[in-house]
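Enquirer: Have a look at this one before I ask anything.
The values are calculated or read from the model by the stated rules, or taken from the named source; none is laboratory data. On a predicted model such as this, the values are computed, not experimentally measured, just so you know. Remember, those area values only see protein heavy atoms, side chains included, never the ligands or the DNA or RNA. Shrake-Rupley method; radii C 1.70, N 1.55, O 1.52, S 1.80 Å.
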Amino acid sequence: MFGSIFYNLWGALIAFSIYFFMTLQKPFTPLRIIIGSFVVALIVFFVMYLVRLLITYILFTPDANQMHTESELEENVSDEQNDENQIKLNKSSTVEFEDESTEDIAQVVRTMMSREDEQQVNA
């Protein structure tokens, strides 16, 4: 649903104020003015739920939520398989480093980071 409950509260407050100031100059008793203002505020509070629902319906974009076509599903499956293969490669690469010292690993990481920095500067 669009927005939050604060939209409902603001709508109720505005409706209360408008009704209150419109009836203030009429020959009604103060109690009737205040009770009427609260009733109008309560009605507008619940009507704002419908307004928010309507705004959500209007702003809904079905293109973003459409079902995937078969080709997109196949791409997703192949992406998942690639991710699984990458995880397996990462696991095997950590096994390779278990025998080396932490200093050697740190040097490899520094070298890789400096290469990435050089590539970003050249780009």
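Enquirer: Which order do Thr111, Thr102 take when ranked by solvent-accessible area (1.4 Å probe, heavy atoms of all protein chains), largest first? Provide the component values of the computation, followed by the final result.
Expert: Values: Thr111 50, Thr102 110 Å².
Most to least solvent-accessible, the answer reads Thr102, Thr111.
Enquirer: Just how much of Asp104 is accessible, in Å², when a 1.4 Å probe is used and the result is rounded to the nearest 10?
Expert: 80 Å²
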